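Read-outs throughout are calculated quantities, based only on the coordinates presented, and are distinct from any laboratory measurement. Small disclaimer: the values here were computed from a predicted structure and weren't measured. Quick reminder, even Gly has a Cβ in these numbers, built from the backbone with ideal geometry, and neighbours come from all protein chains shown.
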């Protein structure tokens, strides 16, 4: 079926969600304009002028005849959960996700990433060691770059082994803001290196990060390996 899509405005900027029969297949992180979001959504028809679910004006994209109502419910659930997450009222996201477009390796990486709990961070090498070995660290980075559903597959919680923020498809500013929302940046040192947006952990936390234990000591342990 053709994915259904939703574009809406948040305090962080314009966001977008697309869902197919299996669940949410695309999340567009905050952008400066509606148009910027629409360009990234599969099959989105801007003439339908999607509006936030909360305002009761949602209208899906074309192809609604086949499972459209299911996709609409999924979009509503995802929009509501993401809105609550972005204002700090929700930590766990449990709406259905469709990752079928990824390769077998990408899906394996994404499953590992989904187990990183709120308020924790891991390194690319930590992830790589769980999908085949440390030598897969670069491939892990590519898989994260291809992640179609950030936040629910929380690639923002993966940082470089030296504890710098590393890259992020949504932009380093958004990554920093997401980590700040989750309380992780409070654990980072204030010493800046080459960029005002790249921080380093204290030596103690760097050691914990490399062993897969990075993050606030009081954070929930649910989902930890």
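Show me the ranking of peptides 81-90, 142-151 by mean Cβ neighbours inside 10 Å, starting with the highest.
Order by mean packing, descending: 142-151, 81-90.
Report the extension gain between residue 115 and residue 73 in nm, rounded to one decimal, defined as 0.36 nm multiplied by the number of residues separating them, less their alpha carbon distance.
12.6 nm
Stretch residue 9-residue 32 to full length: gain in nm at 0.36 nm per residue minus the Cα-Cα span?
So the chain would gain 7.3 nm between residue 9 and residue 32.
With a 10 Å Cβ neighbour count serving as the proxy for reagent exposure, in which order, fewest first, do 164, 71 appear?
If I rank by nearby Cβ atoms, fewest first, I get 164, 71.
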